[in-house]
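Below you'll find the structure, written out as structure tokens, and then a few comments.
All of the numbers you see were taken from the coordinates with simple rules; none came from a lab. Note that the structure is predicted; figures quoted are calculated from it, not measured. When we count neighbours, we look across all protein chains shown, and the Cβ atoms used for this are built from the backbone with ideal geometry, even at glycine.
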Amino acid sequence: MTVFARFSVAARLGVLVAVLSALMLGVGYAGLKGMYSSNERLKTVYEDRTVALGQLAKVGDMMLRQRYRTLQTTLGSADEVETGLAAAENNYAEFKKQWGDYIATYLTPDEKKLTDEYLPAWNTYLQKRQMVVTLLRSGNMKQAQETIKSLDKDFYVALELLYKLRGLQETVAKEEYDAAVAEYNATVRSNALLMGGGLAFCIVLSWLLIRSLVRQLGGEPAYAAQIVSEVAQGNLAVEIRLRHGDQGSLLHSMKTMVGKLSSVVAEVTSSARVLAGASEEVSATAQALSQSASEQAAGVEQTSASVEQMTASIAQNTENARVTDAMASKAAAEAAEGGVAVRSTVEAMTQIAKKIGIIDDIAYQTNLLALNAAIEAARAGEHGKGFAVVAAEVRKLAERSQVAAQEISEVATSSVELAQKAGKLLDDMVPNTKRTSDLVQEITAASEEQSTGLGQINAAISQLSGATQQNAAGSEELASTAEEMSSQAEELQAAISFFRVAGAPAQPEWRETPPAARVVPMRKAAGADKSRVTTVAKAMPRVAHFPEGEPDEALFTRF
């Protein structure tokens, strides 16, 4: 049984079918092999012996006819010689054909030895017969008759060897037949032994397989089916009878299963009672949690409103800082442009001063020329009076031009100094303006960071608010689930009452509560994420069986 117990029922039946099939194939193969061998023996007897006997008989007949026709030709007239010789030649051709067919068959060593003796004897006869043919064709009939009589000895020697060949063929055919009979008897005996041994082996194997199946079941299949039917009807008090020493059968496993089920049913019944009591405490705890969660939600909403106001103020400061930064950047750009313009003005005034210096030099040279012209006019006397008047006027103009050029030069010099001072002031103002712009940008960045941080705080508070609302909704659902759990405990006790356990008191009849009456609707929190709201029934720990009948409150701390 230990060997077969490792295999399934299908595997065992498959082994039995495979063994039966193998035995059938073996017997069939042995029978076919014997039939094939017998057929080969019969074929050998026919082709190599029966056919050969017929061929040798024809060869002997051709030999006798050859001798008879030759002898008849010697006794006839000279006109009949050619006709007789032609008939003898035709007879010899048929002889050669039959002899060739015989030689082509399988020859035993004894046959080959006799054929080697027969051919020289027959050829000797044919050679001497050729002398008779020559005498007959020359017309010497009398000498031909005398010569042919001397050929009888050689002819009968060859004929005797041929008869020995025929006798050997009959002997070999008899041996082949005896061998075929012996092989047939051996095949019959081997097939009988094979079938008998196979039948005995199949009987033993079938007995072992049936015995292993019955042991694995532990009893008759009908009894096992009856036990299963009792268990299916909830009768866990059924008595299962086992055979002596049964430790691994189906009925033994069923007995163990019934015992375990009885223990489990008792524990589940006790746990259902504990669960019904615990659901009331869970409901009270859930109501307290719901009130606390509602208060937390109100506080979180106030905090969220304050953070939103701070966020708005910081956003306004950030916007003002951006405007100030833009104005400072614009002022810095305009100051830089003013510095460039002042530097251009200084350069222009410097050029003007240079040009005025040239004009001053020209006025000075003109004054000298007017002075020289007046001197020359004085020398000219009366003729130079008009030229002297013109020279005097030119001198006055030169002096006035020189004075004006000097005044303009002083003003230009003063303007250059003022422009340089203004340019220096603008150059000093540009870095300060740039620094102011940088500070404003830093203030803007800090304001933006504060705004971002407050946004994150606001988002966290929003999440906290959502979580608080979900907790409130979860608390309400917990209360609903507690009531549902109480109803389920009643249904569980009603379902467990289906089983009848040995030694247990009779289970009371439970009235099944309609689904519409026991299901409590669950209110969802506004805006709560459905994916985060889970039913408390899934989070409930498994209620253990307490022998004292009192629940352990530590199991409900997670609520």
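Here each label is just a point 7 Å from Cα along the line to Cβ, and for Ser270 and Lys354 those points are 11.8 nm apart. Counting beta carbons within 10 Å around each of Ile362, Ile240 and listing the fewest first gives the order Ile362, Ile240.
The slack in the chain from Glu399 to Arg435, taken as 0.36 nm per residue of separation less the alpha-carbon distance, amounts to 7.5 nm.
Cβ-to-Cβ counts within 10 Å put Met254, Met24 in ascending order as Met24, Met254, the fewest first. Ordered by the count of other Cβ atoms within 10 Å of each Cβ, fewest first, Trp122, Trp207 give Trp207, Trp122.
Taking a straight line from the alpha carbon of Lys396, these lysines sit under 28 Å away, with near neighbours fewer than eight places off in the same chain left out: Lys354, Lys355, Lys385.
Per the Debye formula on identical point scatterers at the alpha carbon atoms of the range 226-371, with no solvent, log10 I(q)/I(0) at q = 0.11 Å⁻¹ is -0.85. Label-to-label distance for Asp110 and Glu94 is 3.1 nm, based on points extended 7 Å past Cα in the beta-carbon direction. Projected label points at Lys385 and Arg211, each 7 Å from Cα along the beta carbon direction, are separated by 18.3 nanometres. Since only Phe387, Asn458, Gln402 are under comparison, the one whose Cα sits farthest along the positive direction of the charge dipole of the range 295-479, derived from C-beta charges on Lys, Arg, Asp and Glu, is Phe387. Panel values: the range 295-479, Kirkwood radius from alpha carbon pairs, Stokes-Einstein at 10 °C and 1.306 mPa s, translational diffusion coefficient 66 µm²/s.
Between the alpha-carbon centres of the range 239-311 and the range 173-228 there is a gap of 61 Å.
About its Cα centre, the dipole of the range 191-335 is roughly 1280 debye, where the only charges are +1 on Lys and Arg Cβ and -1 on Asp and Glu Cβ. Would you list, by chain and number, the aspartates and glutamates whose Cα falls below 19 Å from the Cα of Lys128, excluding same-chain residues fewer than 8 positions away? Within reach: Glu82, Glu89, Glu117, Glu146, Asp152, Asp154, Glu160.
Past 22 Å, Cα to Cα, is the threshold; run Lys113/Lys174; Lys330/Lys424; Lys58/Lys142; Lys97/Lys149; Lys112/Lys164; Lys97/Lys164 against it and keep the listed order. Those over the limit are Lys58/Lys142; Lys97/Lys149. About its Cα centre, the range 80-143 has a charge dipole of approximately 260 debye under the convention of +1 per Lys or Arg Cβ and -1 per Asp or Glu Cβ, with nothing else charged.
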